[in-house]
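The numbers here are math on the coordinates, done by the rules we state, and not lab data. Values in this document were obtained by computation on a predicted structure and should not be read as measured data. FYI the Cβ positions are ideal-geometry reconstructions off the backbone, even for glycines, and counts take in every protein chain you see.
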Amino acid sequence: MRRAADDGQALIELALVLPFLLAFAFGLVLVTDVGIARLALAHAAAEGARVGSLTNDDERIAHAIAAAVAPLPADRVAIRIAPSEHEAPRANDPRGSTLRVELRYVVPVPLGFAGMPSVAVGGSAARMIEWTP
């Protein structure tokens, strides 16, 4: 036989535990998003460096990165190519010099409106340029 004093106990326990469960769920989503972004950026940076080592063309590098960065939106990925196409040594005889591609993406945080900071994720790759003029 149930006692009348136990009525509502489960509701109170749920009210006490629910905030922790929600915080855990948001944390899990954030860690998953950061992991996916990190893998996508590493793959896209490697692909961009590969294309750059063969073509020595920054525009083709950007197109290769945009194609390889899925599932991230390509327009939100910051690309840095060093040295740029017009800097030495890539402007003269680039064969044998190192091309470095660095990518950066800001992962949107669940409950960002509550003052939680965003998380920046990066990926980079370097290749030796094989292209000859």
Going toward the positive end of the dipole of the range 4-128, with +1 on Lys and Arg Cβ and -1 on Asp and Glu Cβ, which of LEU16, HIS63, PRO110 do you reach last?
-> HIS63
Across 5 Å bins from the origin, how do the percents of Cα pairs in the chain run, short distances first?
-> 2, 10, 16, 14, 11, 9, 8, 6, 5, 4, 4, 3, 2, 2, 1, 1, 1, 0
Taking Cα atoms only, helix 58-68 is inclined relative to the longest principal axis of the chain by an angle, in degrees rounded to 10, of 30
Please determine, in degrees from 0 to 90 and to the nearest 10, the orientation of helix 9-55 with respect to the longest principal axis defined by the Cα atoms of the chain, where the helix direction is its Cα long axis.
-> 10
Among GLY96, LEU54, HIS86, which residue has its Cα positioned farthest towards the positive end of the charge dipole of the range 4-128, with +1 placed on the Cβ of Lys and Arg, -1 on the Cβ of Asp and Glu, and the dipole taken about the Cα centre?
-> GLY96
To the nearest 20 debye, the chain has a Cα-centred charge dipole, built from +1 on Lys and Arg Cβ and -1 on Asp and Glu Cβ, of 200
